[in-house]
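First up is the structure itself, then whatever we jot down about it.
Laboratory data are not the source of any read-out in this text; all were calculated from the coordinates shown. Fair warning: this is a prediction, and the values are worked out from it, not measured in the lab. Here the Cβ positions follow ideal geometry from the backbone for every residue, glycine too, while neighbour counts run over all protein chains shown.
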Amino acid sequence: MRAVEMAAIDSGTVTGLALMERAGAGVVASFHTNWPALRSGSARILCGPGNNGGDGFVIARLLHANGWQVQVVTFGHPDQLPQDARHNFNRLAMPVADGATTPPTQFDGDLSVDAMFGTGLTRPISDPAMASWLHCHDRFCAAGGAAIAVDIPSGLDADSGRVLQGSACARSGLTVTFHRAKPGHYLADGPEFCGTLHIVGIGL
């Protein structure tokens with residue numbers, strides 16, 4: 001997937017920013033398809049330190065523009081974000097909480113989004129703050145809330161479908177991935193953690 005994205009960007013037919021915008025819009029569209037009765041409400045978006053977090057920033061901005069109350073929880077310093085993710089962070093006009101210093105609280109809103117880590121994750125999520133926030137997302141999902149994972153549930157190996165050894169990992173009722181499904185969506189723990197899988201085209 002990374003090779004396909006880089007080939008498209010290097011060819012000049014699309015930019016990383018455009019792909020991120022399409023990915024975020026695809027998640028929002030999939031959310032409305034899966035939960036058509038939820039047209040407005042409150043959302044919490046967990047945004048990691050890479051481009052998966054950048055997708056989360058796009059989702060937050062689009063929901064906010066449609067009248068949603070949105071809380072963004074970030075992990076990592078904004079200045080250290082990849083360029084496209086930092087661009088979308090700078091476009092936010094809503095409350096932003098630092099997940100490392102803000103203790104998680106029970107979420108009683110309408111939508112929780114796991115945009116912490118995507119398919120490139122190869123090491124376990126062992127940071128206690130990240131683990132606590134993911135636990136809140138998982139608990140919200142278990143209670144029947146609208147919970148979405150962007151690309152793949154954070155902590156799940158995209159190749160094997162197993163939770164990375166020693167890693168925190170959260171379940172979602174809907175996982176939205178891009179261009180093609182990954183083996184981990186279907187193997188081992190994948191179906192349990194991914195819930196319903198939507199595959200969104202982003203023009204690749």
Problem set entry | Residue selected from the range 191-201 under the condition in contact (Cβ under 8 Å) with a residue 40 or more places away in the chain and surrounded by fewer than 16 Cβ atoms within 10 Å (Cβ to Cβ), by the criterion farthest from Val4 (Cα to Cα) | Thr196
Seminar exercise, completed: Only unsatisfied item for Ala18, checking (1) part of a helix (DSSP H, G or I); (2) under 23 Å from Asp110 (Cα atoms), is (2)
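Yes/no matrix, rows are residues, columns are (1) assigned to a helix (DSSP H, G or I); (2) in contact with a strand residue (DSSP E or B) (Cβ under 9 Å, 6 or more places away or on another chain); (3) closer than 16 Å to Ser112 by Cβ:
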residue: Ala7; (1), (2), (3): yes, no, no
residue: Asp10; (1), (2), (3): yes, no, no
residue: Val14; (1), (2), (3): no, no, no
residue: Arg22; (1), (2), (3): yes, yes, no
residue: Ala25; (1), (2), (3): yes, yes, no
residue: Ala37; (1), (2), (3): no, no, no
Problem set entry | Yes/no for Asp114 being farther than 21 Å from Leu62 by Cα and in contact with a strand residue (DSSP E or B) (Cβ under 9 Å, 6 or more places away or on another chain) | no
For this session: Go through the residues of the range 57-80 one by one and say whether even a single one is among the hydroxyl-bearing types (Ser, Thr, Tyr), crowded, with 17+ Cβ neighbours inside 10 Å and touching a helix residue (DSSP H, G or I) at 6+ places or on another chain (Cβ under 9 Å).
Result: yes
Seminar exercise, completed: Among residues of the range 39-55 being touching a Ser or Thr at 6+ places or on another chain (Cβ under 9 Å) and in a helix (DSSP H, G or I), the residue surrounded by the fewest Cβ atoms within 10 Å (Cβ to Cβ) is Asn52
For this session: Restricting attention to the range 78-100, report how many residues are touching a residue at least 24 places away in the same chain (Cβ under 8 Å) and either of a type in the set (A, V, I, L, M) or more than 10 Å from Phe57 (Cβ to Cβ) (or both).
Result: 14
Seminar exercise, completed: Picked from the range 57-82 (must be assigned to a helix (DSSP H, G or I) and aliphatic (A, V, I, L, M)), the residue farthest from Ala23 (Cα to Cα) is Ala65
Exercise. Which residues, taken from the range 75-103, are of a type outside the set (S, T, N, Q), over 18 Å from the mean Cα position of the chain (by Cα) and within 14 Å of Pro128 (Cα to Cα)?
Worked result: Pro103
